[in-house]
Ligand code: RP5
């Protein structure tokens, strides 16, 4: 065991943070520590290799990787670590994230990337999936995840209202 954060949130660019912050916020709501880092598969190749090859030894259990456009980051990371990698397609300007989604989801058999929805929903759900993985071996996280879902259910009104 180490006292390192169990979740790494990596992203290809500062411009991805607006989306990936939703994963960070969700982990914070669940009181799960994380490290957030900018690692570009194109612009910072050595940083990517060092991170991905060392992630398990650093104590990470799950990696959330967000990228946009020709989004190699999740797949390249998954190729260099045995840890589970969840990919978040960031909504691109040119193709609204269709490019990001297809780049991340179409991994050839052998190197899996668990691919989420484009944008904020994907980032939130990547954090919830990371929490679910950790909850398999951590009762406290399991309890907090149950409570998070209960709060979500309780927040849904049974009947629609006119403009609030
Ligand atoms: C990708 O290129 C990043 O993940 C980002 O979504 C996209 C655009 O990057 P910037 O030009 O905003 O740095 O590598």
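The values are calculated or read from the model by the stated rules, or taken from the named source; none is laboratory data. Just so we're clear, the structure is a prediction, and the values are computed from it rather than from any experiment. In this analysis, Cβ positions are derived from the backbone assuming ideal geometry, glycine residues included, and neighbour counts consider all displayed protein chains.
Name the residues in segment 94-108 that are closer than 17 Å to residue 19 by Cα and either part of a loop (DSSP other than H, G, I, E, B) or modelled with pLDDT under 95 (or both), would you?
Matches in segment 94-108: 94, 95, 96, 97.
Would you pick out the residues in segment 92-118 that are within 14 Å of the ligand (Cβ to nearest atom) and touching a strand residue (DSSP E or B) at 6+ places or on another chain (Cβ under 7 Å)?
92, 97, 100, 101, 104, 118
Under the condition of being over 17 Å from residue 55 (Cβ atoms) and in a loop (DSSP other than H, G, I, E, B), which residue from segment 69-93 is farthest from the chain's Cα centre (by Cα)?
Here the answer is 93.
Can you tell me which residue among 32, 111 is part of a loop (DSSP other than H, G, I, E, B) and surrounded by fewer than 17 Cβ atoms within 10 Å (Cβ to Cβ)?
111
Please find, within segment 43-64, the residue that is nearest to the ligand (Cβ to nearest atom) out of those that are within 20 Å of residue 115 (Cα to Cα) and assigned to a loop (DSSP other than H, G, I, E, B).
Of everything passing the filter in segment 43-64, 60 is nearest to the ligand (Cβ to nearest atom).
Between residues in segment 86-98 that are more than 23 Å from residue 60 (Cα to Cα) and residues that are more than 9 Å from the ligand (Cβ to nearest atom) and not in a strand (DSSP E or B), which pairs lie under 6 Å by C-beta distance while being six or more apart or on different chains?
Final answer for the pair search is 91/97; 91/118; 91/119; 92/99; 97/118.
Scanning for something within 16 Å of the ligand (Cβ to nearest atom), surrounded by fewer than 16 Cβ atoms within 10 Å (Cβ to Cβ) and modelled with pLDDT of 95 or more, does segment 74-91 turn up at least one residue?
no
Residues that are over 23 Å from residue 6 (Cβ atoms), crowded, with 20+ Cβ neighbours inside 10 Å and in contact with a strand residue (DSSP E or B) (Cβ under 6 Å, 6 or more places away or on another chain): does segment 61-70 have at least one?
yes
With 24, 8 as the choices, which residue is at pLDDT 95 or above, away from the ligand (no atom under 14 Å from the Cβ), assigned to a helix (DSSP H, G or I) and surrounded by 14 or more Cβ atoms within 10 Å (Cβ to Cβ)?
24
I'm told residue 125 meets every condition in (1) touching a strand residue (DSSP E or B) at 6+ places or on another chain (Cβ under 8 Å); (2) in a helix (DSSP H, G or I) except one. Can you identify the failing condition by its number?
Of the numbered conditions (1) touching a strand residue (DSSP E or B) at 6+ places or on another chain (Cβ under 8 Å); (2) in a helix (DSSP H, G or I), the odd one out for residue 125 is (1).
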